[in-house]
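This report refers to the structure that appears directly beneath it.
The values are calculated or read from the model by the stated rules, or taken from the named source; none is laboratory data. Treat the numbers as computed from the prediction; the structure is a model and nothing was measured. Because the Cβ atoms are built from the backbone with ideal geometry, glycine has one as well, and the counts that use them run over all protein chains shown.
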Ligand SMILES: [Zn+2]
């Protein structure tokens with residue numbers, strides 16, 4: 001069920017009318033957010049990118065990918081430990097702010 005919705009959203013995203021929106025986005029990779037792969041996460045804000053990474057990790061692990069398990073655990077742990085999670089969050093925000101516009 002989730003898969004069909006994701007595909008529909010992805011197709012929608014590829015449409016030309018979204019091209020303008022896409023240029024205002026920034027890109028971070030799964031790796032930059034503590035993950036193991038080069039998957040690109042787009043967002044207009046650091047929060048969007050972090051949410052995209054959260055989704056990406058869950059999808060990968062749900063699909064049986066073991067390399068993303070530790071990153072997913074770390075991501076979940078951050079929400080439980082606000083202090084250490086906050087410093088990670090601040091660092092991501094700094095990195096995001098330093099990125100050039102896509
Ligand atoms: Zn990844």
ask   = If you take just the helices (runs of 4 or more DSSP H) that sit entirely in the chain, which of them hold at least 2 residues that are out of contact with any helix residue (DSSP H, G or I) (no Cβ under 6 Å at 6 or more places or on another chain) and at pLDDT below 85?
value = 2-14, 19-23, 82-98
key: Selection count, region 32-47, where residues are more than 8 Å from the ligand (Cβ to nearest atom) and free of Cβ contacts under 8 Å to residues at least 12 places away in the same chain   = 1
Region 51-70 - residue that is in contact (Cβ under 8 Å) with a residue 24 or more places away in the chain and touching a strand residue (DSSP E or B) at 6+ places or on another chain (Cβ under 8 Å) and, of those, farthest from residue 26 (Cα to Cα) = 56
